[in-house]
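The values are calculated or read from the model by the stated rules, or taken from the named source; none is laboratory data. Just so we're clear, the structure is a prediction, and the values are computed from it rather than from any experiment. We place every Cβ from the backbone using ideal geometry, glycine too, and count neighbours over all the protein chains shown.
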Amino acid sequence: MKTVALALCCTAFIAYAAGETITAFGHDWTVQQASDWAVENGVLRLKVAAEPPAGQPRRPTKFALLNSKPYTKVTVEAEMKRNGRSLIIVYAWQDANHYNYAHISSDAGAKQNVHNGMFHIFGGERVRISTLDGPPSFDTQDWTPVKLVFDGVTGKCYVEVNGKRNPSLDAVDLSLKWGRVGLGSFNESGDFRNVRITGETREQGTPGQN
């Protein structure tokens, strides 16, 4: 197991390459479509809002996935700015059919049960794995500090927004105990800056297994 730290500074560039890979902040990220993304004035920007493909399980696809070894423990810190209602942080990504994500929204979970919560993908539709309790997370469309903390040993993950935890963004999942991380949105657009990712990594394994 290896402890790594990735600091993504504001002085950044982006370059597109074959295979839908973008290079931002000096590191490679895998994306669905490279032209949907840009870096402007040190901000990683998802420019295009799009619905998940029709006829397929409803789950997010518009996120930049850090090209790294899988994390067994990870902290993702960033300033985030929504253009619509919400943005997401992906964690425990093992493949396109096995990952979790935090949906950080201006809605309360009790109002929109597929918003403002922690969600699990295991071969099919998204499934909420956090309580509906708690207030909306994004109060404004200003830059907002967000921190996600995941511990694959215990399966626990929580998110702080503006330094505060929210029951809606607190979950335990013991089926996906390692994986990569990403930044994006379910079906909207938004911006990310001052990103910092630290944690412990391992070698890739079989999805759904320790």
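For the stretch 24-68, a tally of residues being more than 22 Å from residue 145 (Cβ to Cβ), touching a Ser or Thr at 6+ places or on another chain (Cβ under 8 Å), in contact (Cβ under 8 Å) with a residue 40 or more places away in the chain and surrounded by fewer than 16 Cβ atoms within 10 Å (Cβ to Cβ) returns 5.
For the stretch 178-199, the set of residues classified as closer than 16 Å to residue 68 by Cα and not β-branched (Val, Ile, Thr) consists of 178, 179, 180, 182, 183, 196, 199, listed by residue number.
Of the residues making up the stretch 57-113, those that are farther than 17 Å from residue 187 by Cβ and among the β-branched types (Val, Ile, Thr) are 72, 74, 75, 76.
The residues listed here are 79, 20; of these, the one that is closer than 26 Å to residue 161 by Cβ and either modelled with pLDDT under 85 or within 17 Å of the chain's Cα centre (by Cα) (or both) is 79. Is it true that some residue in the stretch 148-157 is out of contact with any helix residue (DSSP H, G or I) (no Cβ under 6 Å at 6 or more places or on another chain) and at pLDDT below 95? Among the residues of the stretch 148-157, not one is out of contact with any helix residue (DSSP H, G or I) (no Cβ under 6 Å at 6 or more places or on another chain) and at pLDDT below 95, which makes the answer no. Of the residues making up the stretch 135-166, those that are assigned to a loop (DSSP other than H, G, I, E, B), among the polar types (S, T, N, Q), touching a strand residue (DSSP E or B) at 6+ places or on another chain (Cβ under 8 Å) and within 22 Å of residue 82 (Cβ to Cβ) are 137, 141, 162.
Taking the conditions exactly as written (within 27 Å of residue 52 (Cβ to Cβ), in a strand (DSSP E or B), of a type in the set (A, V, I, L, M) and modelled with pLDDT of 95 or more), does residue 176 satisfy them or not?
When the stated conditions are applied, residue 176 does not pass them.
Does the stretch 91-98 include one or more residues that are crowded, with 18+ Cβ neighbours inside 10 Å, at pLDDT below 95 and in contact with a strand residue (DSSP E or B) (Cβ under 7 Å, 6 or more places away or on another chain)? No: zero hits. Of all residues in the stretch 151-178, those that are over 26 Å from residue 106 (Cα atoms) have Cβ atoms under 7 Å from Cβ atoms of residues that are of a type in the set (Phe, Trp, Tyr), 6 or more apart or on another chain, in 152/178; 175/122; 176/99; 178/71.
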